[in-house]
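J.: Starting off with a structure, shown below.
The values are calculated or read from the model by the stated rules, or taken from the named source; none is laboratory data. What you are looking at is a predicted structure, and each value in this text was computed from that prediction instead of being measured. Here the Cβ is made from the backbone with ideal geometry for all residues, glycine too, and neighbour counts use every protein chain on show.
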């Protein structure tokens with residue numbers, strides 16, 4: 001089965017996948033380098049994932065998209081409306097563009113992941129896990145997630161939680177703890193892939 005992993009980041013969602021052929025798309029070269037080092041058998045493409053999806057969607061059996069969530073996030077909204085740390089911006093509607101596109105034009109299984117937004121989602125998600133929303137075109141049994149015990153900003157703790165050692169990589173101004181924090185929990189990534197492939201998967205307690 002050919003899987004397209006869009007906005008791949010460090011590859012948290014992909015970490016436990018087995019017996020699939022993966023193409024990862026990541027636009028930040030330094031992050032793509034870590035991903036390639038971690039998953040050397042995957043094809044890694046450095047380009048805009050949104051456009052790549054439009055141009056190549058028909059080449060894959062399963063598509064996972066973890067589109068950039070900043071403009072939808074509650075934390076940025078609070079920082080924009082309360083403390084005026086950020087200037088308010090329009091939500092990036094590429095999130096809903098991709099959901100609608102996959103729903104109507106893609107024949108395979110698909111997953112779109114994003115953070116819980118500061119507004120009521122415009123399209124109802126299939127499931128909510130922790131601080132993440134997931135839209136899919138297949139049934140996914142519920143999964144229970146323990147509360148996040150990782151202290152924000154503690155890089156070492158994040159590395160231990162994911163078993164991703166990024167200490168030797170230079171992300172050129174991008175906060176390393178933020179990059180790690182944006183990773184999808186590997187167990188959740190496996191849970192969703194298993195059901196996309198109709199594999200037996202017991203309820204996972206994380």
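J.: Consider residue 89 against the criteria (1) in a strand (DSSP E or B); (2) farther than 17 Å from residue 62 by Cα; (3) touching a helix residue (DSSP H, G or I) at 6+ places or on another chain (Cβ under 8 Å): it satisfies all of them except one. Which criterion is unmet?
T.: Result: residue 89 passes all but (1).
J.: Does residue 143 satisfy the condition of being crowded, with 17+ Cβ neighbours inside 10 Å, under 21 Å from residue 17 (Cβ atoms), touching a strand residue (DSSP E or B) at 6+ places or on another chain (Cβ under 8 Å) and modelled with pLDDT under 90?
T.: yes
J.: Give me a count of the residues in the stretch 7-22 that are under 14 Å from residue 180 (Cβ atoms) and surrounded by fewer than 16 Cβ atoms within 10 Å (Cβ to Cβ).
T.: Counting residues in the stretch 7-22 that are under 14 Å from residue 180 (Cβ atoms) and surrounded by fewer than 16 Cβ atoms within 10 Å (Cβ to Cβ) gives 0.
J.: If we scan the stretch 19-38, do we find a residue that is touching a helix residue (DSSP H, G or I) at 6+ places or on another chain (Cβ under 7 Å), more than 22 Å from residue 136 (Cβ to Cβ) and in a strand (DSSP E or B)?
T.: For the stretch 19-38, residues touching a helix residue (DSSP H, G or I) at 6+ places or on another chain (Cβ under 7 Å), more than 22 Å from residue 136 (Cβ to Cβ) and in a strand (DSSP E or B): absent.
J.: Of 185, 114, 137, 194, which residue is surrounded by 18 or more Cβ atoms within 10 Å (Cβ to Cβ), at pLDDT 90 or above and over 21 Å from residue 91 (Cβ atoms)?
T.: That would be 194, the only listed residue that is surrounded by 18 or more Cβ atoms within 10 Å (Cβ to Cβ), at pLDDT 90 or above and over 21 Å from residue 91 (Cβ atoms).
J.: Here is a follow-up. Quick check on the stretch 66-82. Is at least one of its residues modelled with pLDDT of 95 or more, more than 19 Å from residue 131 (Cα to Cα) and in contact with a strand residue (DSSP E or B) (Cβ under 9 Å, 6 or more places away or on another chain)?
T.: no
J.: Can you pull out the residues in the stretch 42-57 that are under 18 Å from residue 99 (Cβ atoms) and touching a residue at least 24 places away in the same chain (Cβ under 8 Å)?
T.: Across the stretch 42-57, the qualifying residues are 49, 50, 52, 53, 54, 56, 57.
J.: Okay, next question. Is it the case, given these coordinates, that residue 47 is part of a loop (DSSP other than H, G, I, E, B), surrounded by fewer than 22 Cβ atoms within 10 Å (Cβ to Cβ) and in contact with a strand residue (DSSP E or B) (Cβ under 7 Å, 6 or more places away or on another chain)?
T.: Judged against the criteria, residue 47 is a match.
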